[in-house]
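Nothing in this text is a laboratory measurement; each read-out follows from the coordinates by a stated rule. These numbers come from a predicted model, not from an experiment. Note that we place each Cβ from the backbone using ideal geometry, even for glycine, and neighbour counts take in every protein chain shown.
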Amino acid sequence: MATAIVTGGAVRLGRAMACRLAERGYNIALHHGGSSPLDTLEQIIKHGAECRAYSRDFRDLPSAEGLIDEVLKDFGDVELLVNSAANFILENLEETKTESLLDTMNVNLLAPFLLMREYKRKVNRGMIVNILDQRVLKNISTFGAYSVAKKGLEHLTHLGAVEWGAEVRVNGIAPGLILPPPGGPEDYPERQARNIPTQTHGTEADVLRGLDYLIDSPFVNGEVLFIDGGESKASKNSKF
Ligand SMILES: NC(=O)c1ccc[n+]([C@@H]2O[C@H](COP(=O)([O-])OP(=O)(O)OC[C@H]3O[C@@H](n4cnc5c(N)ncnc54)[C@H](OP(=O)(O)O)[C@@H]3O)[C@@H](O)[C@H]2O)c1
């Protein structure tokens, strides 16, 4: 069995992707920050996969950088890296605190950059999937540092695909309205669906279908799948 690394894999979308990959037959190296990974580990093991949890705060870049080495020591047969960990701080550009700017760049852009680089240097096969956001096509400044970091990660996805495509494919998934914001009301997606061209919101299953497609499509490289009901293409800049 090959091994997949999923960052931010203990909760929500990261957890759904880790469980899906286990279902597909991958062993899982499950990165998490402050959340307990126990429930997710239990789910993954039910699929017969081997799973280990790796706690790392990505605000600390040297700690992020060492993750690939540690996983390789434990598993040795890595074939996929999913960069899903992200923070999401509600500050527009003017409100942005220096500390949240640094944290956001570290967690959402610089840690994925270092993980990608280490993956290329030491694994050098398979695929990297960066989880972006439909906002990368829009100009919404409400989560200013987050948007800048995700835009950078989109560019990095394209650069990696071009520089590394012969050995490592690099693709992205840009979700739209899927889950409520962390800690937000459960009915948030239903309430906001009116702002989406499809008049619906997506679910984890939509993102998992995108992930399956990227894994199963060896000629797809440098692609970003927008799984957003067309939100990113709407001419009017919705606030959501
Ligand atoms: N949910 C959506 O509808 C949606 C829409 C657009 C884009 N996205 C993107 O999809 C991905 C997953 O979204 P989500 O809503 O499931 O995210 P989430 O609930 O906010 O989870 C993000 C993960 O990032 C980890 N993380 C945050 N700060 C960290 C730090 N300092 N060090 C290490 N890990 C850290 C968290 O780990 P711990 O919990 O273990 O601390 C958490 O597991 C993200 O990249 C997000 O930007 C999601």
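Relative to the dominant Cα principal axis of the chain, helix 144-164 is inclined by about 40°.
Positive end of the dipole of the chain (Cβ unit charges, origin at the Cα centre): among THR7, THR40, ASN83, the Cα lying farthest that way belongs to ASN83.
You can think of it this way: the chain between HIS155 and ARG121 has 10.3 nm of extra reach, that is 0.36 nm per residue less the Cα-Cα gap.
Arranged from fewest to most other beta-carbon atoms within 10 Å of their beta carbon, MET17, MET105 become MET105, MET17.
A straight line joining the Cα centroids of the range 26-50 and the range 176-240 runs 24 Å.
Which pairs, out of LYS73/LYS138; LYS46/LYS73; LYS46/LYS138, put more than 32 Å between their alpha-carbon atoms? Checking Cα-Cα distances, LYS73/LYS138; LYS46/LYS138 exceed 32 Å. A helix-only calculation puts the chain at -11500 deg cm²/dmol for mean residue ellipticity at 222 nm, using -39500 (n - 2.57) for each DSSP H run of at least four residues, averaged over all residues. The convex hull defined by the C-alpha atoms of the range 28-79 has an orientation-averaged projected area of 3.8 nm². Using C-alpha pairs below 8 Å separated by at least 6 residues, the relative contact order for the chain is 17 percent.
Quick one: among VAL136, VAL78, VAL162, which has the greatest mean-square fluctuation in a GNM of the chain with alpha-carbon springs under 10 angstrom? Of the options given, VAL162 has the highest mean-square fluctuation. Among TYR213, TYR54, sorting on how many other beta-carbon atoms sit within 10 Å of each Cβ, with the fewest leading, yields TYR213, TYR54. In this rough spin-label picture, where each label sits 7 Å from Cα along the Cβ direction, the ALA234-GLU23 distance is 2.9 nm. Taking the C-alpha atoms only, the angle from helix 12-23 to the longest principal axis of the chain is near 40 degrees. What per residue convex hull volume, in Å³, comes out for the chain when only alpha-carbon positions are used? Dividing the Cα hull volume of the chain by its residue count gives 118 Å³. Peptide packing for 7-14, 33-40, 122-129 was compared via the average number of neighbouring C-beta atoms within 10 Å per residue; ordered from the highest value, the list is 7-14, 122-129, 33-40. Going from the fewest other Cβ atoms within 10 Å to the most, the residues HIS32, HIS47, HIS155 appear in the order HIS155, HIS47, HIS32. Between LEU38 and MET1, the C-beta separation translates, for a Förster distance of 22 Å, into a calculated FRET efficiency of about 0.50.
For the range 3-230, the Cβ-based charge dipole about the Cα centre amounts to some 280 debye (Lys, Arg positive; Asp, Glu negative; other atoms uncharged).
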